[in-house]
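To start, the structure under review is shown below, and the notes come after it.
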Amino acid sequence: MKLLKYISIILISYACNGQTEPTVFYNESGEKITKKQFLDYKNKTENMGLYYNNDSIQYAILLTQKKFGKLDKNTFTRLKDYLSTLSGSKIDASKNIVINYLNKYPEKAENKTTRTGWNVLDKDYLKKLHRIADINQYWIHSPESDNLEYYHQDRINWLADKDLFFKTTFFPYDVRYGNYILIKPNGNYYYHLSEHSKYTIWDTAKQFFK
């Protein structure tokens, strides 16, 4: 993805909406779009905007926040083998897969507290999720994340995406506050980028895994 490679070179800060630099708009395939197209699609519930800037220009990228898809056989086999390697335990192929994924944002320096109160890390999250469906649960983080203590590393078994499989396959852009993926045994998947709660995952799992 040419746009992503270019941004990774010039990026010097993670920007929010209140920038005054000229803005160039792109879709997630790296194609230029108009401001109207960006705003029209961004306002739909399945999309979100991501903003980067350098000294003289802001880049606004339209991302699909909620997406259904199907993994091809080879990719799905690689995913299961990779998870088995990371976790040290062979996957039960008859079970659904749930992956909670952290990228590098927010970084350690941004924290004002020592531990997050994010309810996805509550102890009842997994208990209810296992009642909804028969699952393999994995907690995966970007190797760039320096913030695992904040995300209760003492009791959550965070596994590093050391070969960048998930970043390359699902999450090439670093959005804030984590992502999650639901995958059925047949390779059908649903993913959600950025901010969400345990209630979001529970509700989605009830519909997706039924």
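Comparison of LEU102, LEU79, LEU62, LEU83 shows that the only residue that is at pLDDT below 85 and surrounded by 19 or more Cβ atoms within 10 Å (Cβ to Cβ) is LEU62. Out of the residues in region 131-158 meeting the condition of being over 23 Å from THR85 (Cα atoms) and at pLDDT 90 or above, tell me which one is surrounded by the fewest Cβ atoms within 10 Å (Cβ to Cβ). Among those that are over 23 Å from THR85 (Cα atoms) and at pLDDT 90 or above, it is ARG131. Taken over region 37-59, the criterion of being of a type in the set (A, V, I, L, M) and surrounded by fewer than 15 Cβ atoms within 10 Å (Cβ to Cβ) is satisfied by LEU39, ILE57. Of all residue pairs spaced 6 or more apart or on separate chains, those with beta-carbon atoms under 8 Å, a first member in region 87-112 that is closer than 17 Å to TRP139 by Cα and a second member that is at pLDDT below 90 and in a strand (DSSP E or B) are TYR105/TYR14. Might you check whether a residue that is among the acidic types (Asp, Glu) and either closer than 22 Å to ASN96 by Cα or not in a loop (DSSP other than H, G, I, E, B) (or both) occurs anywhere in region 135-158? No, every residue in region 135-158 fails to be among the acidic types (Asp, Glu) and either closer than 22 Å to ASN96 by Cα or not in a loop (DSSP other than H, G, I, E, B) (or both). Pairs meeting the criteria (first residue in region 30-51 and over 25 Å from THR200 (Cβ atoms), second residue surrounded by fewer than 16 Cβ atoms within 10 Å (Cβ to Cβ), beta carbons under 6 Å, at least 6 apart or on different chains) are GLY30/MET1; GLY30/LYS2. For beta carbons closer than 6 Å, sequence separation of 6+ or different chains, a first residue in region 113-126 that is under 20 Å from GLN137 (Cα atoms) and a second that is of a type in the set (Ser, Thr, Tyr) and modelled with pLDDT of 90 or more, the qualifying pairs are ASN119/SER197. Evaluating TYR52 against the criteria (1) in the same structural domain as GLU31 (by TED's automatic domain parsing); (2) of a type outside the set (A, V, I, L, M, F, W, C); (3) not in a strand (DSSP E or B) leaves one unmet condition, (3).
The values are calculated or read from the model by the stated rules, or taken from the named source; none is laboratory data. All of these numbers come straight from a predicted model, not from anything done at the bench. FYI the Cβ positions are ideal-geometry reconstructions off the backbone, even for glycines, and counts take in every protein chain you see.
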